[in-house]
Amino acid sequence: MSTPRLTLYFDLLSPFSYVAFHILKNSPTFTKCDITYTPVLLRELFTICQNPPPIAVKNKSTWLNKERLYWSRRLNLPMCETPPAGFPFPTVDVQSILLTLSERDPEKVAMVVERLYRGLWGDGNSQIVTPDGFMGVLEDVFGVGIAGEILEASKEPETQLRLTENTQKAFGTGAFGLPWVECVNAQNETECFWGVDHLERVVEFLGLEKGDSRWGLGVSTK
């Protein structure tokens, strides 16, 4: 039997992708899985699906804001009380950076994604998705020279094409929103799941030990 595999399709624009990323990266439940973090464009996915953004649906944005704060309390995960300034904002530049990084140095993707998510949804700093913001993170992790190389590579038309291809791939597996998780279990069977609420089903499908229902992350019990 093979090692269970997970692909998390994510966009920094999605606070629930932030929650899912945090659980997959840090929960002991998923330590035996091979996890791939695949950047996509949420806006583009909505367009392909002809799915209106949540902010355009009456009452839905209010509900989702309550839900993300609920997950913040449940997991003791830093989360800004109100959406970052300018939300929803374009994320093509920063997602292109993450795609370039995933191809160039995949072992450091999670570290960078975590810092960007904490800045954006933890601190509410929307500047983190702009070059002035994310370059500071890249330079801190890789140094000025390599950070500049990653930036230049991210600007190439082929990079943005591959970002679109990632989004199309997610759509092809059934995605209509984020987080979207593609799973391959030990029997090489494949199934996909949407949303943080369905991570319990991911655990069941992959045959993992459930452990603490709060994911064993030192969460609040309030």
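Listing for the model above:
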quantity	calculated
Flag if LEU45 is assigned to a helix (DSSP H, G or I) and without any contact (Cβ under 8 Å) to a residue 24 or more places away in the chain	no
Count - residues of the range 176-210 that are charged (D, E, K, R), part of a strand (DSSP E or B) and farther than 24 Å from GLU44 by Cα	0
The range 1-15 residues that are under 25 Å from ASN185 (Cβ atoms), paired with ones that are open to solvent by less than 10 Å² (accessible area, probe 1.4 Å) and of a type in the set (Ser, Thr, Tyr) (beta carbon under 6 Å, 6 or more apart)	PHE10/SER17
Test: residue in the range 208-216 that is modelled with pLDDT under 95 and open to solvent by less than 20 Å² (accessible area, probe 1.4 Å)	yes
Number of the condition not met by THR29 [criteria: (1) assigned to a loop (DSSP other than H, G, I, E, B); (2) touching a residue at least 24 places away in the same chain (Cβ under 8 Å); (3) over 15 Å from the mean Cα position of the chain (by Cα)]	(1)
Considering residues of the range 1-55 that are more than 26 Å from GLN160 (Cα to Cα) and of a type in the set (Val, Ile, Thr) only, the residue least open to solvent (accessible area, probe 1.4 Å)	ILE23
Failed condition for LEU120, given (1) over 14 Å from the mean Cα position of the chain (by Cα); (2) farther than 25 Å from THR3 by Cβ; (3) touching a residue at least 40 places away in the same chain (Cβ under 8 Å); (4) open to solvent by less than 10 Å² (accessible area, probe 1.4 Å)	(1)
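The values are calculated or read from the model by the stated rules, or taken from the named source; none is laboratory data. These numbers were taken from a predicted model, which means no experiment stands behind them. Note that we place each Cβ from the backbone using ideal geometry, even for glycine, and neighbour counts take in every protein chain shown. Surface areas here come from the heavy atoms of the whole protein model, side chains and all, with no ligands, DNA or RNA. Shrake-Rupley method; radii C 1.70, N 1.55, O 1.52, S 1.80 Å.
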